[in-house]
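For reference, the structure is listed below as structure tokens.
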Protein chains: 2
Amino acid sequence: MTKTEHLPKLAAGSMRIIPLGGLGEVGRNMATFEIDGKILIVDCGVLFPEETQPGVDLILPDFDSIRARLDDVVGIVLTHGHEDHIGAVPYILRLKPDIPLIGSTLTLALVEAKLKEHRIKPYTLTVAEGQVEELGPFSLEFVAVNHSIPDALAVHITTDAGTVLHTGDFKMDQLPLDGRLTDLRAFARLGEEGIDLFMADSTNAEVPGFTPTERNIGPVIEDVISRTKGKVVVASFSSHVHRVQQVIDAAAANGRRVALMGRSMVRNMGIASELGYLNVPQGVLIDHKKALKLPDNEIVFMSTGSQGEPMAVLSRIASKTHAIEVGEDDTVILASSLIPGNENSVFRVINALIKLGANVVHKANANVHVSGHAAAGELLYCYNILQPRQVMPVHGEIRHLVANAEIAKKSGIADADVLVVENGAVIDMKDGVARQVAQLDIGFIYVDGSTVGTITDADLKDRRILAEEGFISIFTVVEAATGNILVGPEIHARGFAPDEAVFDDIIPGIQKALKEAVEAGNSNSYQLSQVVRRTIGRWVNTKHRRHPMIIPVVIEA
Amino acid sequence: MTKTEHLPKLAAGSMRIIPLGGLGEVGRNMATFEIDGKILIVDCGVLFPEETQPGVDLILPDFDSIRARLDDVVGIVLTHGHEDHIGAVPYILRLKPDIPLIGSTLTLALVEAKLKEHRIKPYTLTVAEGQVEELGPFSLEFVAVNHSIPDALAVHITTDAGTVLHTGDFKMDQLPLDGRLTDLRAFARLGEEGIDLFMADSTNAEVPGFTPTERNIGPVIEDVISRTKGKVVVASFSSHVHRVQQVIDAAAANGRRVALMGRSMVRNMGIASELGYLNVPQGVLIDHKKALKLPDNEIVFMSTGSQGEPMAVLSRIASKTHAIEVGEDDTVILASSLIPGNENSVFRVINALIKLGANVVHKANANVHVSGHAAAGELLYCYNILQPRQVMPVHGEIRHLVANAEIAKKSGIADADVLVVENGAVIDMKDGVARQVAQLDIGFIYVDGSTVGTITDADLKDRRILAEEGFISIFTVVEAATGNILVGPEIHARGFAPDEAVFDDIIPGIQKALKEAVEAGNSNSYQLSQVVRRTIGRWVNTKHRRHPMIIPVVIEA
């Protein structure tokens, strides 16, 4: 839990910066900026759970340090519309629905659609690149950046304590599909004026060189489609408007119609085309039910599930539980990254599709994906143009933050001015100088079913034990005076190898142990249940070399 | 389970080939060859479980089709000493300890060490490249192949039904550290004589070009060591003798001693140096306790744990639960592959080491690993030199088998002669012509604690449910006549979000449901337990949007 009581007082005229998520992990990006009693939030995203967090739906940033301060929040700036930047907004607006959201047209449209599902109608302020807005003590200038979703913005924050440039997620595609470049002219101007702290996306800092242009992918996809006799299925991220644009164009160029599959794909592309971010030639899009009636060589299905998510369209096609059937002559394209940790699920899907006879094209065997993040070479350009006084790498695991820090140092920034910190670091800035003054303990807030923050790491440890070892539950009613068993013992087990007949072995041992315990005067139900736990535990560990969870219930009568 | 009853009778003079593991997966490689009532086994390895198989220690090939035939087995040929080729030998020798093992000196030494832990002393026949052995109706010639462990052999099998060349695992390093090349001269001769069926390692068939030579790694490791001020830790596979050799040489060249860490590393390298496969310069090896007393710049720790295994040395160093402490000035080298599915655990370790200040060198940022398997270019060489009549890709997921098949077809082998099959395929060969005649259902044999084959896929499904949702157990004693609760209800839950106080909500509902059930005449304990299950199930699903496992126990009094 967050320990705010230890926080040093914030001096007047100083600004306090606290990253609450996204440093030391890929996801749940969120940072707070405080000066003169007012708080500005930049991004509020979710983190997706790992295999060590079974059953968890989402992980939120740790709001605790601002929970009591929500009345002081002047607004939440959303840099772009990806889940790891906007996904937690509904959970903070649940606490205070009237906190204004500030972002670009597309970003706000996507977050509003999400909030609608939570029955929240937010206060919003739509901004565009070049625009300047005053929010209390914060003067914000928004700068166009290029990313794997349109209309992304960096934000330049000016306060009495100093200035900060926060990139959000970005890269520097020099031939972007929409012509909207990362605005290096603005970077140059802001650099001239002097940037005190540069908070820079670290995701691809380990990757040498430059991220290739998104434009390279279109011709590859068009070529694959043109060489396909049968139907084509393309899976990608449901928010990757430019990727989908290129699939639509490649399909149209081959005289094929496109059917959008998957709830989020349909919803997001609906929004994108309504707002003019996605340009769909007349009559190319077709409802998927109608599409199923078209000849195979006249259709491209644009679907979700590129990460092997079991419930998504692509996995259901692979497991033959979807109306779309693929086989010989058909091609499936995974036009997406392979997020670390998803390898097994993705290759399970790829193997299943290949087994059905389909030709499967993916990142590993064709150039059907480029990253959305600036590689090392691009970051160097930024450092050289901006020449910031200080740098704080953001967005990434420690290895990414450290790699980004090394690049900053290479560009000439002094070691002491490169702040490699983790979630909960408390950075105070005065007269443009930023230094860490404290460290908050930052926890994981788990969304699990209808609960938020109820599930603890202890529950997850229980779940991991249950997964590895299963459990044994034993119930019995015992005569307090004698330790004789009156009812039961009822022994049940799940996920534990042998069938329940094996427990006949240990029942005499339990009877004996209970009688001895009572004779020894340990006759309350807690003591007796511990006796049962120990007896079964010893037996199962030695005889079966297993350590299942043991749930003993002993009632006295 | 294996359905052997459906197997067509094997005609006299025909050979039956059944891959029991390793086709459609990476691991548990095993194939059986039968002719004239005698069976030859090639390899008997284990498969390591995925995250979808929690708690499982090992997965064995499905022996069922030969369980009743072990008296007919003339021997088990072991192509090399990796776990995925020898790991299941103890489990088959448990069934019949006197089945002879045939393999090279190092391979047999490694399997004997393993069998010793199972208290089994095997019958062995040591063979070398060029050697020919008659085993009943099988004439075996052994051929040197190069792999990521020394002394690997391919086996050429001659029978009245035709000939088979089985590569085991191999690559074609043209500058092997030990000078022992994959014997293309023998391949050429056997090709001239005519190979009816070529069973070829598919692991790297998707990888274009050629696997670089192992020799490339030595200079990189030596350079990293020479630039390190503090201590060096190198993690790799505990059977990779040549990798360890290069680490030892690089350490010696930098005036450092080497301490071997980890049980399997110490054991395997002991065997390898005893038998002369590992050459240790006088006085370079040092006991790790002594090593801890040396100055940092005089030591290299050679450890296990390159896959992020939580109990291995490297993970314990990273979590500061090991005597070796790393920090600034120290370097950790992961001189190994990153096996798909291990990404999260490996990067967890890498991030932890970087956080400690160590410089971490791994395959993604330096050339410290080469694969042990032939890439597409090498496989083409084989097909062109051997010109086999028929091909069966082995060792790999479906995507690997299909990629290997494509290479075979490119080399000119007719589609019908390329047999892409999975575990349990029954291939009969007569007059050198091999065709699939049946398909066995092949199951997973799970080793779990002390049990072998007891845990079922249903148990694993239970475990996954327990992991995702936890469970609720409820116990109560009910008066049969009235449905009144006499004892309890005792409700317990684990891995389920809310604390147990929430169950107070549902107790009245349970009381009501029980009374109604009894009034409706459904008063036996099974019926009542189902009533309890439904009542709790409905409540937890609607109120908490969760689906935990529910274990109701109702006893009548």
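May I ask you to derive the FRET efficiency for B:ASP72 and A:THR542 from their Cβ-Cβ distance with R0 = 35 Å, giving the value to the nearest 0.05?
So, using R0 = 35 Å, E works out to roughly 0.40.
Roll a 1.4 angstrom probe over the protein heavy atoms and tell me the percent of accessible area of the protein assembly as shown that is carbon or sulfur.
Carbon-and-sulfur percentage of accessible area, whole number: 51.
Compute the relative contact order of the stretch B:469-556 as a whole-number percentage, counting only Cα pairs closer than 8 Å that sit 6 or more residues apart in sequence.
This gives 40 percent for the stretch B:469-556.
Across chain B, how large is the tail of the calculated P(r) beyond 38 Å, expressed as a percent of all Cα pairs? Present the calculation step by step, with values, prior to reporting the outcome.
On the way: 64786 of 154846 pairs.
Everything past 38 Å amounts to 42 percent.
So what's Rg/Rh here for the stretch B:155-304, counting alpha carbon atoms and using the Kirkwood radius for Rh?
Reported Rg/Rh, Kirkwood definition of Rh: 1.10.
What residue among B:ILE550, A:LEU23, A:GLY179 has its Cα farthest toward the positive end of the dipole of the protein assembly as shown, where the charges are +1 on Lys, Arg and -1 on Asp, Glu, each on the Cβ?
B:ILE550
Can you give me the Cα centroid spacing of the stretch A:198-232 and the stretch B:342-380 in angstrom?
24
Mind checking the alpha-carbon convex hull of the stretch A:58-185 and giving the volume per residue in Å³?
117
On each of the three principal axes of the Cα atoms of the stretch A:469-556, give max minus min coordinate, whole Å, ordered largest first.
36, 21, 19
Please name whichever of A:GLN530, A:THR476, A:ILE507 sits farthest to the positive end of the charge dipole of the stretch A:469-556, dipole taken about the Cα centre and charges placed at Cβ: Lys and Arg +1, Asp and Glu -1.
Value: A:GLN530.
Take the Cα gyration tensor of the stretch B:225-279, multiply each eigenvalue by 5, square-root it, and list the three semi-axes largest first, rounded to whole angstrom. Kindly include the intermediate steps, with their values, before the conclusion.
Numbers: eigenvalues 83, 30, 15 Å².
Here the semi-axes work out to 20, 12, 9 Å.
Per residue, how much accessible area does chain B show when a 1.4 Å probe rolls over the protein heavy atoms, in square angstrom?
Values: 21500 Å² over 557 residues.
Value for chain B: 39 Å² per residue.
Using only atoms on other chains, find how many Cβ atoms lie within 10 Å of each Cβ of peptide A:53-61 and report the average.
Neighbouring Cβ atoms belonging to other protein chains average 3 per residue here.
Along Cα-to-Cβ, 7 Å out, sits the label point; list in nm, shortest first, how far the one on A:GLN387 is from those in the other copies.
Computed spacing set for this position: 7.1 nm.
Report, in debye and to the nearest 20, how large the dipole of the stretch A:215-361 comes out about its Cα centre when Lys and Arg carry +1 and Asp and Glu carry -1 on their Cβ.
Computed charge dipole of the stretch A:215-361: roughly 260 debye.
Considering all projection directions equally, how large on average is the shadow of the alpha-carbon convex hull of the stretch A:374-474, in square nanometres?
10.6
Need the C-alpha centroid separation for the stretch B:58-132 versus the stretch B:11-31, integer Å.
Centre-to-centre (Cα) distance: 16 Å.
Using a 10 Å cut-off on Cβ atoms, rank the peptides A:333-339, A:382-388, A:506-512 from the highest mean neighbour count down. List each step's numbers first, then the result.
On the way: A:333-339: 22.3, A:382-388: 19.9, A:506-512: 15.9.
Ranking the peptides A:333-339, A:382-388, A:506-512 by packing returns A:333-339, A:382-388, A:506-512.
Just for the stretch B:354-490, what percent of DSSP beta bridges are antiparallel, to the closest 5?
90
Based on Cβ point charges of +1 for Lys and Arg and -1 for Asp and Glu, what charge dipole magnitude is obtained for the protein assembly as shown about its Cα centre, in debye rounded to the nearest 20?
520
At a probe radius of 1.4 Å, what is the per-residue accessible area of B:VAL420, in Å² to the nearest 10?
70
List the residues of the stretch A:345-381 that lose 30 Å² or more of accessible area once all protein chains are present, compared with their chain alone (1.4 Å probe, heavy atoms only, no ligands or nucleic acids).
Checking the loss per residue gives A:PHE347, A:ARG348, A:ASN351, A:ILE354, A:LYS355.
Please report the accessible area of A:TRP539 (heavy atoms, 1.4 Å probe, ligands and nucleic acids excluded) in Å², nearest 10.
30
Relative contact order for the stretch B:407-470 using alpha-carbon pairs under 8 Å, separation at least 6, rounded to a whole percent?
Relative contact order of the stretch B:407-470: 16 percent.
Starting from the eigenvalues of the Cα gyration tensor, five times each then square-rooted, give me the equivalent ellipsoid semi-axes of the stretch A:215-361, largest first, whole Å.
So the equivalent ellipsoid measures 21, 17, 14 Å along its semi-axes.
Where does the stretch B:425-479 land on the Kirkwood hydrodynamic radius, alpha-carbon pairs, in angstrom? Kindly include the intermediate steps, with their values, before the conclusion.
On the way: mean 1/r = 0.0632 Å⁻¹.
Taking every pair of different Cα atoms in the stretch B:425-479, averaging 1/r and inverting gives 15.8 Å.
In whole Å and largest first, what semi-axes does the C-alpha gyration tensor of the stretch A:280-397 yield when each eigenvalue is scaled by 5 and square-rooted?
Numbers: eigenvalues 270, 68, 32 Å².
Three semi-axes, in Å: 37, 18, 13.
Sorted from shortest, what are the nm distances separating the label point of A:VAL132 from equivalent points in the other copies, each placed 7 Å from Cα along Cα to C-beta?
With the label placed 7 Å along Cα→Cβ, A:VAL132 yields 9.2 nm.
Using alpha-carbon positions, what is the distance between the centroids of the stretch A:273-322 and the stretch A:446-517, in Å?
Each part's Cα centre sits 48 Å from the other's.
Calculate the dipole size of chain B relative to its Cα centre from +1 charges on Lys and Arg beta carbons and -1 charges on Asp and Glu beta carbons; express the result in debye to the nearest 20.
1160
For A:TYR277, A:TYR123, write out the residues from largest to smallest accessible area, computed with a 1.4 angstrom probe and no ligands counted.
In descending accessible area the options line up as A:TYR123, A:TYR277.
Mind pulling up the Rg/Rh value for the stretch B:350-422? Radius of gyration and Kirkwood radius, both on Cα.
Taking Rg over the Kirkwood Rh, I get 1.26.
Averaged across the residues of B:393-406, what count of C-beta atoms belonging to other chains lies within 10 Å of each residue's C-beta?
The mean count of partner-chain Cβ atoms within 10 Å per residue comes to 3.
What's the ranking of A:351-360, B:16-25 by average number of surrounding C-beta atoms within 10 Å, highest first?
Numbers: A:351-360: 20.6, B:16-25: 25.1.
Highest-to-lowest ranking by the protection proxy: B:16-25, A:351-360.
Report, for the protein assembly as shown, the % of DSSP beta bridges that are antiparallel, rounded to 5. Write out the running numbers ahead of the final one.
Working: 103 of 191 bridges.
Roughly 55 percent of the beta bridges in the protein assembly as shown run antiparallel, per DSSP.
With the contact rule set at Cα under 8 Å and sequence spacing of 6 or more, what percent relative contact order holds for the stretch A:338-415?
22
Over all residues in B:486-496, what is the mean tally of Cβ atoms on other chains that come within 10 Å of each residue's Cβ?
What the average comes to for B:486-496 is 6.
Give me D for the protein assembly as shown in µm² s⁻¹, whole number, from Stokes-Einstein with Rh from the Kirkwood sum over alpha-carbon pairs, 4 °C and 1.567 mPa s.
39
Go through A:LYS409/B:LYS231; B:LYS171/B:LYS409; B:LYS171/B:LYS355; A:LYS171/B:LYS229; A:LYS363/B:LYS171 and tell me which ones have a Cα-Cα distance over 30 Å in this structure.
B:LYS171/B:LYS355; A:LYS171/B:LYS229
As a test, work out the antiparallel percent of DSSP beta bridges whose residues both lie in the stretch B:469-556, rounded to the nearest 5.
Antiparallel bridges make up about 45 percent of those DSSP assigns within the stretch B:469-556.
Sum -39500 (n - 2.57) across every DSSP H segment of at least 4 residues in chain B, then divide by the residue count to get the 222 nm mean residue ellipticity, nearest 500.
Calculated at 222 nm, the ellipticity per residue is -8500 deg cm²/dmol.
The values are calculated or read from the model by the stated rules, or taken from the named source; none is laboratory data. As the structure is a prediction and not an experimental result, all values here were calculated from the model. Note: ideal-geometry Cβ built from the backbone for every residue, glycine included; neighbour counts use all protein chains shown. With ligands, DNA and RNA removed, areas are computed over all heavy atoms of the protein, side chains included. Shrake-Rupley method; radii C 1.70, N 1.55, O 1.52, S 1.80 Å.
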